[in-house]
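Peer 1: Dropping the structure in here first, questions after.
The values are calculated or read from the model by the stated rules, or taken from the named source; none is laboratory data. The structure presented is a predicted model; accordingly, all values stated were derived computationally and were not measured. Every residue, glycine as well, gets a Cβ built from its backbone with ideal geometry; the counts of neighbours run over all protein chains shown. With ligands, DNA and RNA removed, areas are computed over all heavy atoms of the protein, side chains included. Shrake-Rupley method; radii C 1.70, N 1.55, O 1.52, S 1.80 Å.
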Amino acid sequence: MAASASNTLDGLTLEVAVIGSGVGGLYALQRLRDQLGLQAEAFDDAGGVGGTWYWNRYPGCRVDTDASVYCYSFDEDLFRSWQWSERYPRQPEVLAYLNAVADKHDLKRSIHFNTRILAAHWDETAAVWRLTTARGEAVAARYLVEGVGLLSSANLPVFPGAERFQGQIYHAARWPEAAGDLAGKRIGVIGTGSTGIQLVTALAPTAGHLLVFQRTPQYVVPLGCGPFPAERRAQMTADPAGYVARTLNTAAVFGLEESTTPALSVSAAARQQVYEAAWQKGGGFGFMLETFGDIIISREANDTATDFIRAKIRQIVQDPALAEKLCPRDLYAKRPLAVDGYYDCFNRDNVTLVDLQAAPIVEIDESGIRTSHEHMPLDVIIFATGFDAVTGNYLKIDTVGRHGRRLQQQWAKGPDAFMGMTIADFPNLFMIFGPFGPFTSQPLVHEYQINWMTNLMRHARAGGYRTIDTDPHAQENWVARCCRGAELTLFPQVDSWINGGNVPGKPRASMFFMEGMAAYMQQLDEIVREDYAPFVLGR
Ligand code: N01
């Protein structure tokens with residue numbers, strides 16, 4: 001449903017407004033509208049459904065999480081019947097899947113595309129959220145559910161002169177269809193995270209010349225792409241509910257056999273075998289989670305993994321000096337990266353690594369990029385520089401809760417939130433994968449959170465309550481528990497989007513519950529048993 005001047009939203013009053021129609025927003029809409037029978041509609045500034053899969057159309061984009069857990073489970077028929085072609089599907093297939101879900105459940109009629117929500121202000125008297133769209137329309141809703149994306153607000157570093165560049169210049173997360181075929185072109189990719197490495201491996205075979213601008217080398221392991229495994233499909237179809245329950249009842253919800261063996265509890269030779277098997281099998285999270293249980297909590301265990309990966313880099317990359325530039329020196333404690341054939345790309349004549357630690361970018365001019373060493377002419381510049389993660393998109397909406405509290409001020413030194421879903425003094429506002437939620441794969445956990453938050457809404461409505469707010473003490477305790485848990489891992493010791501360290505000026509903060517999904521679900525169950533004690537319901 002595309003809003004237009006003749007189809008103004010002004011004055012629209014809903015029971016629930018959902019922001020976003022990505023993986024989380026789509027299911028929230030289905031659950032609220034069709035399962036709970038509420039008058040719910042969604043808003044998305046994109047021209048179609050898909051969220052991150054709508055925007056990220058860059059060459060090489062694919063899911064690096066097993067498709068068996070990167071899907072919905074609420075529609076059991078679809079769960080059984082959807083035929084993923086690959087274990088790690090490409091972006092067009094994921095987007096086609098999300099469109100198929102939206103079409104099967106007739107969700108698009110309740111989504112206002114091309115509609116950005118600029119502001120959400122709580123009206124205490126009427127107990128509703130008053131939303132303002134970018135066209136100035138006013139919409140009111142008793143509940144606001146935000147599925148705005150954990151990794152969606154693009155991080156675009158400022159390089160002097162970028163506006164003068166005469167060639168094609170894109171951020172990967174806003175890839176235009178007009179980009180066309182880049183074969184034969186001189187391409188610069190800035191950034192070597194999950195996005196950058198997918199771009200590099202996709203572009204290297206056909207680029208005229210590919211320059212990879214690397215600031216910090218990262219640990220990349222093979223993904224192990226291939227057809228969707230028949231045995232995995234058999235497990236999924238034999239017992240969908242059991243499959244999903246077993247998957248959720250793990251730490252990270254990646255459909256993996258998470259190891260509990262400490263790395264140093266086995267001999268060096270046995271360890272080598274475990275790492276080699278994981279390398280041959282592929283899967284980024286598998287290498288981190290299925291090998292040993294303490295890679296992300298013990299520096300010594302972490303060292304054994306990083307030694308192994310560095311040895312692989314030195315084996316694959318023929319030029320020893322280049323291999324050293326590609327070898328990370330710090331901990332393996334960012335979100336793990338996996339793609340097939342990344343290091344092999346650097347054996348190609350048409351691929352050049354530009355080491356930004358040796359020579360930083362000084363400017364972009366009409367014809368290319370200048371580092372402190374040299375000028376490199378380019379036809380295409382691609383920013384693969386990541387996201388203002390977790391909080392970025394929430395803070396783009398001018399959100400004002402009770403007592404005039406503005407979210408931008410409240411989160412100025414770092415976020416606070418409860419269970420990744422609510423914020424004290426922002427009643428009836430629910431976040432899908434907001435700050436201090438579990439550090440896991442997303443779609444099945446989206447469903448879990450959405451079911452939980454909507455059960456809470458149902459509980460409040462059944463009791464005749466108009467408002468649901470979070471007890472600030474419960475929130476404080478939860479944030480403290482999350483921070484303590486994060487400190488037990490190695491993640492805070494390396495700058496990355498996990499802790500806000502990737503965006504200049506962003507407060508560095510723990511933003512996740514690191515004790516795992518099973519512990520998270522136990523905590524949510526406990527809250528239900530306590531009759532939702534951490535929430536304050538109001539008439
Ligand atoms: O972003 P990143 P991403 N000058 O933050 C560099 C998800 N995802 O888009 O390390 C030069 O990981 C930065 O360098 P450094 C996934 O969860 C999923 O790649 O800060 N370089 C780094 O190399 C992933 O974790 C899939 O020194 C600059 C890169 O840009 C998350 O999105 C696919 C720079 C950013 O890496 C983010 O991944 C893709 C500057 N000024 C993404 N600023 C799937 O497969 C930043 N960089 C599901």
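Peer 1: Which shape class applies to the range 235-332: rounded if a/c is under 1.5, otherwise prolate when a/b exceeds b/c and oblate if not, where a ≥ b ≥ c are the square roots of the Cα gyration tensor eigenvalues?
Peer 2: It comes out prolate by the Cα gyration axes.
Peer 1: Also: Could you bin all the Cα-Cα distances of the range 178-309 into 5 Å bins starting at 0 and give me the percent of pairs in each, rounded to whole numbers?
Peer 2: Final binned percentages: 2, 9, 14, 16, 15, 14, 13, 10, 6, 2, 0.
Peer 1: Starting from one equal scatterer on each C-alpha and no solvent at all, send me the Debye-based log10 I(q)/I(0) for the range 385-463 at q = 0.25 Å⁻¹, two decimals.
Peer 2: Each listed q corresponds, in turn, to -1.28.
Peer 1: For the pair residue 106 and residue 277, how long in nm is the line joining their label points, each one 7 Å along Cα→Cβ?
Peer 2: Placing both labels 7 Å beyond Cα along the Cβ direction yields 5.1 nm.
Peer 1: Here is a further query. In nm, what is the difference between 0.36 nm times the number of residues separating residue 531 and residue 357 and their Cα-Cα distance?
Peer 2: Here the segment from residue 531 to residue 357 would lengthen by 57.2 nm.
Peer 1: Just add up the charged neighbours of residue 286: K/R +1, D/E -1, any other residue whose Cβ is under 10 Å from the Cβ of residue 286.
Peer 2: Around residue 286, the charge tally is -3.
Peer 1: What would the Debye formula give as log10 I(q)/I(0) at q = 0.09, 0.13, 0.17 Å⁻¹ for the alpha-carbon point model of the range 395-520, no solvent?
Peer 2: One equal scatterer on each Cα of the range 395-520 leads to -0.26, -0.55, -0.94.
Peer 1: Here is a further query. Compute the helix-to-body angle for 299-316: its Cα long axis versus the longest principal axis of the chain, expressed 0 to 90° and rounded to tens.
Peer 2: The two axes meet at around 50 degrees.
Peer 1: While we're here: Expected output is a single nm value to one decimal: the length gained when fully extending between residue 319 and residue 372, i.e. 0.36 nm times separation in residues minus the C-alpha distance. What is it?
Peer 2: 16.7 nm
Peer 1: Hey, which of these cross-link pairs are over 27 Å Cα-Cα: 185/325; 281/506; 281/334?
Peer 2: Checking Cα-Cα distances, 281/506 exceed 27 Å.
Peer 1: May I ask which residue of 417, 435, 465 lies farthest towards the positive end of the charge dipole of the range 374-482, with charges of +1 (Lys, Arg) and -1 (Asp, Glu) on Cβ and the Cα centre as origin?
Peer 2: 465
Peer 1: Residue 430's amide H: which non-local residues (gap 5+, or another chain) put their own amide H closer than 5 Å, with H modeled 1.01 Å from N in plane and none for Pro or chain starts?
Peer 2: Hits under the 5 Å cutoff: 144, 145, 146.
Peer 1: What percent of all Cα-Cα pairs in the range 328-394 falls in each 10 Å bin, counting up from 0?
Peer 2: Whole-percent P(r) values from 0 Å outward: 14, 34, 38, 14, 0.
Peer 1: Which is farthest toward the positive dipole end of the range 323-441 among 404, 356, 367, measuring Cα position about the Cα centre, with Cβ charges +1 (Lys, Arg) and -1 (Asp, Glu)?
Peer 2: Towards the positive end, the residue furthest out is 404.
Peer 1: Starting with the highest mean, order 101-110, 219-228 by the number of other Cβ atoms within 10 Å, averaged over the residues of each peptide.
Peer 2: 219-228, 101-110
Peer 1: Which net charge results for the neighbourhood of residue 330, defined as the other residues with beta-carbon distances under 12 angstrom from its beta-carbon, given Lys and Arg at +1 and Asp and Glu at -1?
Peer 2: Residues near residue 330 contribute +2 overall.
Peer 1: Okay, next question. What ranking of 175, 82 comes out by heavy-atom accessible area, probe 1.4 Å, highest first?
Peer 2: Listed by decreasing accessible area, they come as 82, 175.
Peer 1: Please report the orientation-averaged projected area of the range 106-260, defined via the convex hull of its C-alpha atoms, in nm².
Peer 2: 16.7 nm²
Peer 1: Apply 1/(1 + (r/R0)^6) to the Cβ-Cβ distance of residue 451 and residue 231, taking R0 = 22 Å, and write down the FRET efficiency to the nearest 0.05.
Peer 2: 0.15
Peer 1: Give the residues of the range 109-148 whose amide nitrogen is closer than 15 Å to a point set 7 Å from the Cα of residue 13 in the direction of its Cβ.
Peer 2: In the range 109-148, the label zone of residue 13 (backbone N under 15 Å from the point 7 Å along Cα→Cβ) covers 123-131, 138-143.
Peer 1: In whole Hz, what ³J(HN,Hα) sequence does the range 202-213 give by Karplus (6.51, -1.76, 1.60; θ = phi - 60°), x for Gly and Pro?
Peer 2: Rounded to whole hertz, the list is 6, 8, 3, x, 10, 5, x, 8, 10, 9, 9, 8.
Peer 1: Moving to a separate point now. What nm value, rounded to one decimal, do you get for the distance between residue 123 and residue 458 when each label is placed 7 Å out toward the C-beta?
Peer 2: Modelled inter-label distance: 2.9 nm.
Peer 1: Further, regarding this structure: What is the extension gain from residue 409 to residue 297, computed as 0.36 nm multiplied by their sequence separation minus the C-alpha to C-alpha distance, in nm to one decimal?
Peer 2: The span from residue 409 to residue 297 would gain 37.0 nm if fully extended.
Peer 1: Report the charge-dipole magnitude of the chain in Debye, nearest 20, computed about the Cα centre from +1 at each Lys and Arg Cβ and -1 at each Asp and Glu Cβ.
Peer 2: So the dipole magnitude of the chain works out to roughly 380 debye.
Peer 1: List the aspartates and glutamates whose alpha-carbon lies under 18 Å from that of residue 104, not counting same-chain residues fewer than 8 positions away?
Peer 2: Partners found: 34, 41, 75, 76, 77, 93, 447.
Peer 1: Cα-Cα pairs above 35 Å in the chain: how many percent?
Peer 2: Cα-Cα pairs of the chain separated by over 35 Å account for 36 percent.
Peer 1: Ignoring ligands, DNA and RNA, what percent of the 1.4 Å accessible area of the range 322-427 is carbon and sulfur?
Peer 2: The nonpolar share, carbon plus sulfur, comes to 46 percent.
Peer 1: Let me check against my output: what whole-number percent is the relative contact order of the range 108-240, with C-alpha pairs under 8 Å and at least 6 apart?
Peer 2: The value is 12 percent.
Peer 1: For a quick protection proxy, order the peptides 476-482, 335-341, 66-72 by their average other-Cβ count within 10 Å, most packed first.
Peer 2: Put in order of decreasing packing, that is 66-72, 335-341, 476-482.
Peer 1: Still on this structure, I have one more. What area, in nm² and to one decimal, does the C-alpha convex hull of the range 10-133 cast on average over all directions?
Peer 2: 8.5 nm²
Peer 1: Please list 3J(HN,Hα) in residue order for the range 416-421, calculated via the Karplus relation 6.51 cos²θ - 1.76 cosθ + 1.60 where θ = phi - 60°; whole Hz, with x for glycine and proline.
Peer 2: 9, 5, 10, 6, x, 10
Peer 1: List every residue whose amide H lies under 5 Å from the amide H of residue 353, counting only residues 5 or more places away in sequence or on a different chain, with H placed 1.01 Å from N in the peptide plane.
Peer 2: The answer is 212.
Peer 1: Just the C-alpha atoms of the range 64-108: what Rg/Rh do they give, with Rh taken as the Kirkwood radius?
Peer 2: 0.94
Peer 1: Another question about this same structure. Among 229, 201, 211, whose Cα lies farthest out toward the positive end of the dipole of the range 181-253, if unit charges sit on the beta carbon of Lys, Arg (+1) and Asp, Glu (-1)?
Peer 2: The Cα lying farthest towards the positive end belongs to 211.
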